[in-house]
Every structure is written in C-alpha cells, then in structure tokens.
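A.B. asks: Before anything else, here's the structure in question.
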Amino acid sequence: MTAVAVIDAGGANFGSVCYALERLGVQPRIVRDADGLRAATRVILPGVGAAAPAMRLLRERGFADVLPTLAVPLLGICLGMQLLFEASDEGDVNCLGVLPGRVRKLQADAGLRVPHMGWNVLQPLRASPLLEGVGEASVYFVHGYAAPVTDACIASCTHGATFAAVVQRGKVAGMQFHPERSGVAGARLLSNFLQWSGA
C-alpha cells in the first residue's frame, strides 16, 4: 500500500491537498516533524505563504535536513516547489537546495498583475510520466515568485516572462500551480505522481 506523507508546514492549501488525495483513493498521512517521514513511499510538500517563514519552520521541525536526502519520490506544490531550489529572493533565504537555481519575483507589466492568479496553460517541454495524459492543460496558479526554466523543467508557463511550471530531477518533482484546485488535469497530475517510480 502506498504510504503518502503530506507535510503540514502551515500552508493554507494543506487540507485541500489531502482532500484531493482522498478523492483519488489515498488516505494521506499527515506529518508535522521529520520523524513522521519514516516508512513513507511518497512525500508531498504543499505550501502557501512566504519562503522565509516556511524555511524556518522546516528547519525547526527537522525537515530541512531530511528532505534533500529522501530516497522516495518527493513533490513540492506551489511554495513547496519553490523551496526545493537553492534560494529565493522572497526574504533572501536559502532553501532546500535539491534543485539548482534561484526563485525570483514575477514582474508586473502592462495588463499583467502580480501575483499571478488564475488559470493558465502548461507548455510541456519534454516527455515525463508525470505529464502523461495532461498535454497543454489549463491549471490554477496563485504566486508572486517563480523558479527559472532550467534542465529540470519539464513544463513551463508564461505570465509576462516564462517560468518553470513543472520540474523533475531524479526522484524530486514540483508543480508551481495548485493541482488540488485544477480540476481533471490536476487530478491526473496527482495520480501520475502517486504511480511514479521516480525514474
């Protein structure tokens, strides 16, 4: 049986991620400290809020040491994805460093608001089991900072500038949008993660 650990890092989307997993037939295990990750076969790091206080909490609860060393698939969602990178301009904070790159603030422009809120279209960059059956789907974003498009990026999106929407490197993955709020496409993305071997 798949033991899915969902980290309660104080993010406002924590409950909705758990409900989305339950709709897929998975009973997630809520984890509030690093010891709770033992025996997990999948780990999800949701997050809504700011990078600096989120990293402070991850350090206080032991997650910052354990997450970079996980041997099982790890998925970061929204702020959780941003925390996988080396650093963030939001609070000028060092993050988990699992993925190379620095998260930077989205720039407002004529007709473009920041934060980027609402539906936008994924642009797949390369094939991945995480994107199977998804294609150029519309998904729901709420964010003011974004990660760069690097070789870890498997799908991008554009809001003024192009940024990483889905990342994958080894057993680590991230989704900048909210799959739990993205309808059928979001459910498929979460289902793909639950079946993903990390290869």
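A.B. asks: Which value, in debye to the nearest 20, describes the size of the charge dipole of the chain about its Cα centre when Lys and Arg Cβ atoms bear +1, Asp and Glu Cβ atoms bear -1, and nothing else is charged? If you can, show how the numbers build up before the last one.
C.D. replies: Working: 17 positive and 15 negative charges, 42 e Å.
Computed about the Cα centre, the dipole is about 200 debye.
A.B. asks: Stretch ASP92-SER197 to full length: gain in nm at 0.36 nm per residue minus the Cα-Cα span? Write down the numbers at each step before the final one.
C.D. replies: Working: separation 105, 0.36 × 105 = 37.80 nm, distance 3.36 nm.
Answer, rounded to one decimal: 34.4 nm.
A.B. asks: Sticking with this structure for a sec: Choose one answer from VAL149, VAL103, VAL43: the residue with the largest mean-square fluctuation in a GNM of the chain with alpha-carbon springs under 10 Å.
C.D. replies: Comparing VAL149, VAL103, VAL43 in the GNM, the peak value goes to VAL149.
A.B. asks: Now for a separate question. Rounded to whole Å and ordered largest first, report the semi-axes of the equivalent ellipsoid of the stretch 48-161 derived from its Cα gyration tensor (root of 5λ).
C.D. replies: Ellipsoid semi-axes (Å, largest first): 24, 19, 12.
A.B. asks: Here's another thing I want to ask about it. Assuming R0 = 30 Å, can you tell me the calculated FRET efficiency for the pair VAL72 and GLN107, based on Cβ-Cβ distance, to the nearest 0.05?
C.D. replies: Numbers: r = 36 Å, r/R0 = 1.21.
The pair VAL72/GLN107 has a calculated efficiency of 0.25.
A.B. asks: How large is the charge dipole for the stretch 127-199, taken about the Cα centre, if only the Cβ atoms of Lys, Arg (+1) and Asp, Glu (-1) carry charge, to the nearest 20 debye?
C.D. replies: Numbers: 4 positive and 4 negative charges, 27 e Å.
Charge dipole, the stretch 127-199, about its Cα centre: 140 debye, nearest 20.
A.B. asks: Normalized C-alpha radius of gyration of the stretch 1-105, against 2.2 N^0.38 Å? Don't jump to the answer; show the numbers that get you there.
C.D. replies: Numbers: Rg = 13.0 Å, N = 105, 2.2 N^0.38 = 12.9 Å.
That works out to 1.01 for the stretch 1-105.
A.B. asks: On to the next question. Out of all DSSP beta bridges with both ends in the stretch 1-107, state the antiparallel percent to the nearest 5. Show your work: numbers first, answer last.
C.D. replies: On the way: 2 of 14 bridges.
Antiparallel: roughly 15 percent of the beta bridges in the stretch 1-107.
A.B. asks: How much accessible area per residue does the chain have, in Å², with a 1.4 Å probe? Working shown, then result.
C.D. replies: Numbers: 8670 Å² over 199 residues.
Accessible area per residue, the chain: 44 Å².
A.B. asks: For the stretch 1-54, with all protein chains present and a 1.4 Å probe, just round the carbon and sulfur fraction of the accessible area to a whole percent.
C.D. replies: On the way: 1320 of 2470 Å².
Roughly 53 percent, rounded to a whole number.
A.B. asks: Kindly write out, for the stretch 113-126 in residue order, the coupling ³J(HN,Hα) from the Karplus curve 6.51 cos²θ - 1.76 cosθ + 1.60 (θ = phi - 60°), rounded to whole Hz, with x marking Gly and Pro.
C.D. replies: Karplus-based 3J(HN,Hα) across the stretch 113-126 equals 9, 10, x, 7, 10, x, 7, 8, 9, 6, 10, x, 9, 7 Hz.
A.B. asks: Right, another one. Please figure out what share of the DSSP beta bridges in the chain is antiparallel and state it in percent, rounded to the nearest 5.
C.D. replies: Numbers: 23 of 39 bridges.
Close to 60 percent.
A.B. asks: Where q = 0.07, 0.15 Å⁻¹, what log10 of I(q)/I(0) comes from the Debye formula for the chain, counting one point per Cα?
C.D. replies: Debye curve over Cα of the chain, log10 I(q)/I(0) at q = 0.07, 0.15 Å⁻¹: -0.17, -0.83.
The values are calculated or read from the model by the stated rules, or taken from the named source; none is laboratory data. The structure displayed is predicted, hence computed values, not measured ones. Glycine also receives a Cβ, built like all others from the backbone with ideal geometry; neighbour counts cover every protein chain displayed. Note: accessible area is taken over every heavy atom of the protein model, side chains too, but ligands, DNA and RNA are not part of it. Shrake-Rupley method; radii C 1.70, N 1.55, O 1.52, S 1.80 Å.
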